[in-house]
1. Listed highest first by mean packing, meaning other Cβ atoms within 10 Å per residue, what order do 126-137, 440-451 come in?
2. Taking 0.36 nm per residue of separation and subtracting the Cα-Cα distance, what length does fully extending VAL365 through GLU425 add?
3. Sort the following peptides by mean Cβ neighbour count (other Cβ atoms within 10 Å, averaged over residues), highest first: 95-102, 389-396.
4. Suppose the chain between VAL392 and LEU40 were pulled fully straight at 0.36 nm per residue; how much longer would it get relative to their current alpha carbon spacing?
5. Find the Cα radius of gyration of the stretch 4-246, compare it with 2.2 N^0.38 Å by division, and give the number to two decimals.
6. Could the peptides 81-88, 216-223, 417-424 be put in order, highest first, of the mean number of other beta-carbon atoms found within 10 Å of their residues?
7. PRE reach from ASN141 (point 7 Å along Cα→Cβ): which of the stretch 49-75 fall under 19 Å by backbone N?
8. Give me the tail of P(r) for the stretch 18-104 as a percent: Cα-Cα pairs with distance above 17 Å.
Amino acid sequence: MVTLTDVLEVNWVILYFVYGQVFFVTGLVTGLQWRRQSNLALARPLPWLAAFGIAHGFNEWGYIFIPLQAVYLADSVVRLMIIAHLLLLAVSFFFLFQFGVELILPGLPRYRWLRAVPFGVLLLWAVAVFLRGTLMQDPLNVLIAIGDGWSRYILCLPGSILAGVGLLYQARQVRKMDLGRIAGYLTGAAVAFFVYALAGGLLVPTAPIFPANLFNYSLLEQTVQVPAPVFRSICGLAMSFFVVRSLDIFQVETDHRIAEMRREQLLAADRERIGRELHDGIIQSIYATGLRLDEAQHLVVENPSLAQQRIRAVMDALNQTIQDIRRYIFDLRAAEQGRELEGVLERLVQDLRLDTFLEVDLEVVGQRCCWLGEQQVAHITQIAREALSNIVQHSEAHHVCVKLGYRGSHTIISVVDDGKGVDLEALAGNGHPGHGIANMQARAHLVGGELVLQSEPGQGFGLELIIPCHDKEAVNEIADGEEIWV
């Protein structure tokens, strides 16, 4: 009977190639995603994780490269390659150890000296292997097995555990930032590192040292009939997936910075406009009103009738000034409400990016034209959420564009994808356009707007919500989660 171990032994080249590639890609992606200027605590340790992934990937490929080269090279050169291969293994685990230490240091500000521990342990390992080879005169294959085991016990095992603990700490910090999905990815990465501590740090090749002479690869293969590299590969895949998804936090940080810059620009524009209009309009009106009152004061005795006319004109001017001030206050409220809608759409786009592999863009164009009420924003949010949900479930799209625009006296929200599209005429002819579309149309009616759909098979799907400005219009309230049937 052919066992899994037999199959993997025949295909050991593929196994080690895939295993090495998993770690190499993890390190490469981590290095490319790293943000030097990031304010996040997770940013500082990432170069060590990238170095671990790349170095460990090359180390695993060494199990393929060295045997192939041994056919053509001299024995002395092969021995040097084997020794260098062992050193590369230890150095990769040193990077992992350093990554774990850097992760936990933010929570231990008084223990900065821990940063030097991984290098000290690496030196201790090198001295121990050198003394063992010098004093015991072990054969090279035995010395390599011993060095491999020691590197896993004193570098990989504590490094993996510290990395898991540090990632759990980071997950807790990220969860406080209301980024629950990324916190979940960080937690998954922590679990993967804990498992790797067992599969890669505690279980080692057979060697004449304790506990490698008891708990080793041979025991694992005899017990579960699966080679140890398979377990390490599974751990590597899990680490790669969760770590790469966790790096989306840098995109979230970038989006927040861009949104903050946009808000600051809008606020600065509003301040400049209001300051200019206050100076050119209201202040000048008040100044002119003061002159008229001064004139009326002198006419009270000389010409009471003309003084009354001047006072009535002053009252009219003051009433107009009050209306102007109210308009400015309304503009401030409209600006604040517009920023709230922008923030809602931004959060929806960020969630979609984190939950899927879709490329999603958010664009805001034009100047705000009116103040959207709280219930209007709630309905618009539900329409946008339903549209994005339909894209994920049905469109098979790769790119989505969400646009918030202000055109004259209308607020327009559009959601366009490049998916497979639908035949709207056939959909309408069935008499069942779908609950999602029906709900969006009902909500559009409740906010006094119009929902326009555009789509053809193979040409994507476009949705546009057009809302005219009705400053005093009441909006019906719908309880959260309530379905609308039309």
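Values quoted throughout were computed directly from the atomic coordinates according to the rules given, and no laboratory measurement underlies them. Nothing here was measured: the structure is a model prediction, and the numbers come from that model. In this analysis, Cβ positions are derived from the backbone assuming ideal geometry, glycine residues included, and neighbour counts consider all displayed protein chains.
1. My ranking of the peptides, most packed first, is 440-451, 126-137.
2. Going from the current span to full extension adds 18.5 nm.
3. On the way: 95-102: 26.0, 389-396: 16.1.
Result, highest mean first: 95-102, 389-396.
4. 123.7 nm
5. Working: Rg = 18.3 Å, N = 243, 2.2 N^0.38 = 17.7 Å.
My calculation over the Cα atoms of the stretch 4-246 gives 1.03.
6. The most tightly packed comes first, giving 417-424, 81-88, 216-223.
7. Flagged as within label range: 62-75.
8. When all Cα pairs of the stretch 18-104 are counted, 54 percent exceed 17 Å.
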